[in-house]
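In what follows, a single structure is set out as structure tokens and then discussed.
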Amino acid sequence: MDNVPARNLSPEKIISHRETEEEPVADAGILFRLVRERLREIRKTLLGSPSGIEVEMCVLGYKVCADDVVTLIHQIEEELPRSKPIRRLKLRMVRRRATRLLRRVRKVLHQSSPSRAWYRLAATALEPGPTSIPSTF
């Protein structure tokens, strides 16, 4: 996002950032920080008084973040076996925090979204599927 400060993020910038990203983030910590920043901005937008378009953009941003959290979990699962004990603790903490942030945003999204935007996009963005976050986290 061209080092744009978090306060200048908008749902449009969140979505466009994903499309312009050329290579995946290799480090789980960096990916977590990117996801955390986007989820906090989505939550902040939803806690205000968003318009219907903003809510739909937040739903799309949530979907991108959910995909990134799945990627993060896969990265962590690959890295855990070859990590030292302290690193394993940190990776597990990152995994827990990412899924917790995702749940918090999902809760706010569900409460603040108009029924049309929520239910139209819920099937693709929030429904459990083969790439969903395991419920054990």
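So the values come out like this:
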quantity	calculated
Residue, farthest from LEU72 (Cα to Cα), within region 29-40, restricted to residues that are touching a residue at least 40 places away in the same chain (Cβ under 8 Å), of a type outside the set (Phe, Trp, Tyr) and buried (at least 20 other Cβ atoms within 10 Å of the Cβ)	LEU39
Unique residue being out of contact with any Leu (no Cβ under 8 Å at 6 or more places or on another chain) and at pLDDT 80 or above when the list is ASP27, ASP68	ASP27
Failed criterion for ALA123 (all others in (1) loosely packed, with under 13 Cβ neighbours inside 10 Å; (2) of a type in the set (A, V, I, L, M); (3) modelled with pLDDT of 90 or more hold)	(3)
Which numbered condition LEU72 fails, given (1) buried (at least 21 other Cβ atoms within 10 Å of the Cβ); (2) within 26 Å of GLN111 (Cα to Cα)	(2)
Cross-chain or 6+ apart pairs with Cβ under 7 Å, region 41-56 first and in a helix (DSSP H, G or I), then basic (Lys, Arg) and exposed (fewer than 11 other Cβ atoms within 10 Å of the Cβ)	none
Residue within region 78-86 that is in a helix (DSSP H, G or I), modelled with pLDDT of 90 or more and closer than 24 Å to GLY48 by Cβ present	no
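The values are calculated or read from the model by the stated rules, or taken from the named source; none is laboratory data. Please read all numbers here as calculations on a predicted model, not as lab measurements. Cβ atoms come from the backbone with ideal geometry, glycine included; neighbour counts cover every protein chain shown.
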